[in-house]
Amino acid sequence: MSSNYILSWHESVKNTAGSKAKDDVTEFLKEDGFNVIDTPYGKIQKILYVFFVLPFIFLKIRKGNIVIQYPTGTPAILKTITFWVKKLSGAKLIFVIHDIYSLRFLGDDPTKSKEELKLLNKADYIVSHNEHMTAWLKNNGVSAKIVNLEIFDYLNNNPVQPEHDYTGSICLAGNLKKSYFLDQFNPKNPLYIFGPNPKASYNDNINYMGVYPPEELANHLTYNFGLVWEGNSTNTCNGVLGEYTKYNNPHKVSLYLSTGLPVIIWKQAALADFVTKNNVGIAIESLDEIDDAIKNVSKQQYAQMKSNTDIIAKKMRSGYYIKNAVEKLI
């Protein structure tokens, strides 16, 4: 039996894409021979499990690695789990980061992130999203060995979208309540939007297409590009979530690419590096440039982007990025 473990924590919220990234990491590492420590679903059961069952499980683990997906549960729960791993097991602790709350909600403020950084420093190893997040962690005193994930994998059982005629069509999937920029956006190319909380009406050329469960959504994304944009401005990605894209890997990018859709992303977003390096989309400074940017892509160039995207989609669907990152650590 392998001496590598991953804690699978079941969030109480169902039917959202929220837990998909974590579930996929568990699935892919399981394929790689990790043993899954499965927690119960109920709130009270989980608390009892953390205090009365986990310590005995960790006591038996004398070597190897334990992966905890960060964050897991409430801050108090995560602190307790981390304490047990370090105190009772003989294993190394690996945090696979999904979100850094202090960076996401408080901006880059070192005083407010002290508590969180203290907890991150308990890890022996960290899988960070990308080099921008890694630089932030190191600048803020995190001393664990860190590797970059590059991009989130995405378990996607739908067929990869074939190449559709290049008309410059764009889609956007996500919680539309947070897509404030749509109020100012007047695209020349049609934009097809999917997700909960739509407004009663949108500007011309913005078409609401309904809401689908995450596992079905990919079948409906029959367009040339997937758009990733945050904030309430078309000029730039702004606000806390806009700022956060300078450090994080939005899961939406993985949805699009694993579906076979090249992406359009803000030039200052951390993932713009990945998109341009692998030629799987376009990076723009402002949404006002989007129509020209699309017009400047020839059919041949698009065909190349699409074929590069299909290669990345295949890697993502097999868990290439998480397996590769973790293998570097263990």
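Are any residues in region 209-251 within 17 Å of the chain's Cα centre (by Cα), under 29 Å from LEU137 (Cα atoms) and either crowded, with 21+ Cβ neighbours inside 10 Å or of a type in the set (S, T, N, Q) (or both), and if so, which ones? Give the derivation first.
First, the residues of region 209-251 that are within 17 Å of the chain's Cα centre (by Cα): 214-215, 217-218, 226-230, 240-251.
Imposing the further condition that a residue be under 29 Å from LEU137 (Cα atoms) reduces the set to 227-230, 240-251.
Once the filter is applied, which keeps residues that are within 17 Å of the chain's Cα centre (by Cα), under 29 Å from LEU137 (Cα atoms) and either crowded, with 21+ Cβ neighbours inside 10 Å or of a type in the set (S, T, N, Q) (or both), region 209-251 yields LEU227, VAL228, TRP229, GLU230, TYR244, THR245, TYR247, ASN248, ASN249, PRO250.
Does ILE47 satisfy being open to solvent by 40 Å² or more (accessible area, probe 1.4 Å), at pLDDT below 95 and either outside any loop (DSSP other than H, G, I, E, B) or at positive phi (or both)? Show your work before the answer.
Values: open to solvent by 40 Å² or more (accessible area, probe 1.4 Å): yes; at pLDDT below 95: yes; either outside any loop (DSSP other than H, G, I, E, B) or at positive phi (or both): yes.
In short, yes.
Here is a yes/no grid of residues against (1) basic (Lys, Arg); (2) within 15 Å of the chain's Cα centre (by Cα); (3) within 23 Å of LYS178 (Cβ to Cβ):
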site	(1), (2), (3)
ILE264	no, no, yes
ALA270	no, yes, yes
ALA283	no, no, yes
GLY319	no, yes, no
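Taken over region 82-106, the criterion of being hydrophobic (A, V, I, L, M, F, W, C), surrounded by fewer than 22 Cβ atoms within 10 Å (Cβ to Cβ) and more than 18 Å from the chain's Cα centre (by Cα) is satisfied by PHE83, TRP84, LEU88, ALA91, LEU93, LEU106. Residues that are farther than 19 Å from ASN278 by Cβ and surrounded by 14 or more Cβ atoms within 10 Å (Cβ to Cβ) were ranked within region 139-163; the one that is modelled with the highest pLDDT is ILE146.
A quick yes/no check of all residues on (1) in a helix (DSSP H, G or I); (2) under 18 Å from GLU243 (Cα atoms); (3) modelled with pLDDT under 95; (4) among the acidic types (Asp, Glu):
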{"site": "ASP273", "(1), (2), (3), (4)": "yes, yes, no, yes"}
{"site": "ASN279", "(1), (2), (3), (4)": "no, no, no, no"}
{"site": "ILE294", "(1), (2), (3), (4)": "yes, no, no, no"}
{"site": "ALA303", "(1), (2), (3), (4)": "yes, no, no, no"}
{"site": "SER307", "(1), (2), (3), (4)": "yes, no, no, no"}
{"site": "ILE312", "(1), (2), (3), (4)": "yes, no, no, no"}
{"site": "LYS315", "(1), (2), (3), (4)": "yes, no, no, no"}
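Counting the residues of region 231-252 that are assigned to a loop (DSSP other than H, G, I, E, B) and either touching a strand residue (DSSP E or B) at 6+ places or on another chain (Cβ under 8 Å) or free of Cβ contacts under 8 Å to residues at least 24 places away in the same chain (or both) gives 5. Evaluated against (1) within 23 Å of THR134 (Cα to Cα); (2) touching a Cys at 6+ places or on another chain (Cβ under 9 Å); (3) touching a residue at least 60 places away in the same chain (Cβ under 8 Å), LEU261 falls short on exactly one condition, (1).
Within this structure, LEU255 fails the test of being touching a strand residue (DSSP E or B) at 6+ places or on another chain (Cβ under 6 Å) and within 28 Å of ASP165 (Cβ to Cβ). Close contacts from region 112-129, counting a first residue that is part of a loop (DSSP other than H, G, I, E, B) and a second that is hydroxyl-bearing (Ser, Thr, Tyr) and open to solvent by less than 20 Å² (accessible area, probe 1.4 Å), with Cβ to Cβ under 6 Å and a gap of 6+ residues or different chains, come to LYS112/SER102; SER113/SER102; LYS122/THR82.
Considering only residues in region 1-16 that are surrounded by 10 or more Cβ atoms within 10 Å (Cβ to Cβ) and either farther than 20 Å from THR74 by Cβ or of a type in the set (Lys, Arg) (or both), the one that is modelled with the lowest pLDDT turns out to be SER2. Applying the condition of being more than 19 Å from LEU149 (Cβ to Cβ) and acidic (Asp, Glu) to region 79-115 and asking which residue is modelled with the highest pLDDT yields GLU115.
Filter region 170-208 down to residues that are of a type in the set (Gly, Ala, Ser) and open to solvent by less than 60 Å² (accessible area, probe 1.4 Å) and give me whichever is nearest to LEU227 (Cα to Cα). In this case the residue turns out to be ALA173.
The values are calculated or read from the model by the stated rules, or taken from the named source; none is laboratory data. Quick caveat, the model's predicted, so the values are computed rather than measured. Cβ sites come from the backbone with ideal geometry, for glycine too, and all protein chains shown count toward neighbours. The area values use the complete protein model at the heavy-atom level, side chains included, leaving out ligands, DNA and RNA. Shrake-Rupley method; radii C 1.70, N 1.55, O 1.52, S 1.80 Å.
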